[in-house]
Amino acid sequence: MERVAEWYALVTCLVVGLSHLLHPRAWAAVFAALHRIGKPWAFANGGLSLVPGAAFVAAHPVWSGPAWC
């Protein structure tokens, strides 16, 4: 299950990162629109971040901290 979480992170980070590099104005427009709409949409945006975060926590039931500690 840990390997699945690692691949999920790799793919999603690459796709979102490339999207930010290739279409920065589109991302700026999205976040400007969220800002104009107000707190409800900011809350919804945070909720969208909860889904992948919960997937990572579920895939890694044992946490030991950073490797350098």
note = Taking Cα atoms, the helix 24-37 axis meets the longest principal axis of the chain at an angle in degrees (rounded to 10) of 70
task = Any chance you could give the angle, 0 to 90 degrees and rounded to 10, that helix 39-59 forms with the longest Cα principal axis of the chain?
result = 20
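To two decimal places, what compactness ratio does the chain give when its Cα radius of gyration is scaled by 2.2 N^0.38 Å? Present the calculation step by step, with values, prior to reporting the outcome.
On the way: Rg = 15.4 Å, N = 69, 2.2 N^0.38 = 11.0 Å.
Against the compact-globule rule of thumb, the ratio is 1.40.
Using a 1.4 Å probe, what is the accessible area per residue for the chain, in Å²?
Details: 5980 Å² over 69 residues.
Accessible area per residue: 87 Å².
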query = Once both axes come from the Cα atoms, what is the angle between helix 2-22 and the longest principal axis of the chain, in degrees from 0 to 90, rounded to 10?
reply = 30
key: Ala26 paired with Ala58, simple spin-label distance in nm, labels 7 Å along Cα-to-beta-carbon   = 2.8
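The values are calculated or read from the model by the stated rules, or taken from the named source; none is laboratory data. Since the structure is predicted, the reported quantities are computational estimates derived from the model, not experimental observations. Glycine gets a Cβ as well: all are built from the backbone with ideal geometry, and neighbour counts include every protein chain shown. Surface areas here come from the heavy atoms of the whole protein model, side chains and all, with no ligands, DNA or RNA. Shrake-Rupley method; radii C 1.70, N 1.55, O 1.52, S 1.80 Å.
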